Amino acid sequence: MKALKTEDGYEYKYYLYPEGCSGIEDFLKYATGQNHSFVRLSYLDNSNCRPPFFIREDIKTVYLNIATVSVICEEDVTVLSREDYDNRLKDVIKKKCFDCADYIEGEDIESHRKMLSLNGECWNYEKRPETNT
């Protein structure tokens with residue numbers, strides 16, 4: 001699905017389009033047609049996941065001040081239930097983490113959510129050094 005992506009210097013934030021907006025052009029018309037600069041949006045919280053994959057149960061309603069947004073674009077995202085997200089993440093952990101220097105077998109899934117994306121990209125991956133035994 002398409003979502004809005006904003007940048008505030010060092011961080012990207014993602015939002016679902018408001019009802020009736022199917023793209024960025026519709027959103028810009030919608031936002032500029034408001035009598036105020038605040039627009040009610042559904043924020044795709046990424047404090048417990050890695051974009052472009054998000055957890056449906058973590059979506060929050062926020063009011064974005066359009067006047068403070070300097071960069072806005074459209075991005076493809078995937079929104080999953082927490083159960084579906086975790087099941088897919090477990091599969092990625094099995095394929096990606098087994099040879100990571102920081103991987104400890106039996107770690108809970110919570111420790112992987114912030115670092116490992118469902119596409120296999122990891123912020124903390126470091127290949128375990130080969131040992132001669």
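The values are calculated or read from the model by the stated rules, or taken from the named source; none is laboratory data. Remember, it's a predicted structure, so these values are computed and weren't measured experimentally. With ideal geometry, Cβ positions are generated from the backbone for all residues, glycine too; neighbour counts draw on all protein chains shown.
Just wondering, is there one or more residues in the stretch 35-50 that are over 30 Å from Arg128 (Cα atoms), outside the structural domain of Ser117 (by TED's automatic domain parsing), touching a strand residue (DSSP E or B) at 6+ places or on another chain (Cβ under 7 Å) and touching a residue at least 60 places away in the same chain (Cβ under 8 Å)? So far as the stretch 35-50 goes, no, none of its residues is over 30 Å from Arg128 (Cα atoms), outside the structural domain of Ser117 (by TED's automatic domain parsing), touching a strand residue (DSSP E or B) at 6+ places or on another chain (Cβ under 7 Å) and touching a residue at least 60 places away in the same chain (Cβ under 8 Å). In the set (1) within 30 Å of Leu28 (Cα to Cα); (2) modelled with pLDDT of 90 or more; (3) surrounded by fewer than 16 Cβ atoms within 10 Å (Cβ to Cβ), the condition left unmet by Leu64 is number (3).
For the stretch 109-133, the tally of residues that are assigned to a loop (DSSP other than H, G, I, E, B), acidic (Asp, Glu) and closer than 20 Å to Pro51 by Cα stands at 1.
For the stretch 73-122, enumerate the residues that are among the polar types (S, T, N, Q) and either touching a residue at least 12 places away in the same chain (Cβ under 8 Å) or touching a Phe, Trp or Tyr at 6+ places or on another chain (Cβ under 6 Å) (or both). Hits for the stretch 73-122 are Thr78, Ser81, Ser117, Asn119.
The listed residues are Glu25, Glu121, Glu105, Glu110, and the only one of them that is within 27 Å of Gly9 (Cβ to Cβ), outside the structural domain of Thr6 (by TED's automatic domain parsing) and surrounded by fewer than 13 Cβ atoms within 10 Å (Cβ to Cβ) turns out to be Glu121. Residues that are modelled with pLDDT of 85 or more and among the β-branched types (Val, Ile, Thr) within the stretch 96-113 comprise just one, Ile109. I want to confirm something. Restricting to the stretch 34-61 and keeping residues that are over 11 Å from the mean Cα position of the chain (by Cα) and charged (D, E, K, R), which single residue is surrounded by the fewest Cβ atoms within 10 Å (Cβ to Cβ)? Step by step, filter the stretch 34-61, then rank; the result is Lys60. Only residues that are in contact with a helix residue (DSSP H, G or I) (Cβ under 6 Å, 6 or more places away or on another chain) and acidic (Asp, Glu): list them for the stretch 43-65, please. Answer for the stretch 43-65, where residues must be in contact with a helix residue (DSSP H, G or I) (Cβ under 6 Å, 6 or more places away or on another chain) and acidic (Asp, Glu): Asp45, Glu57.
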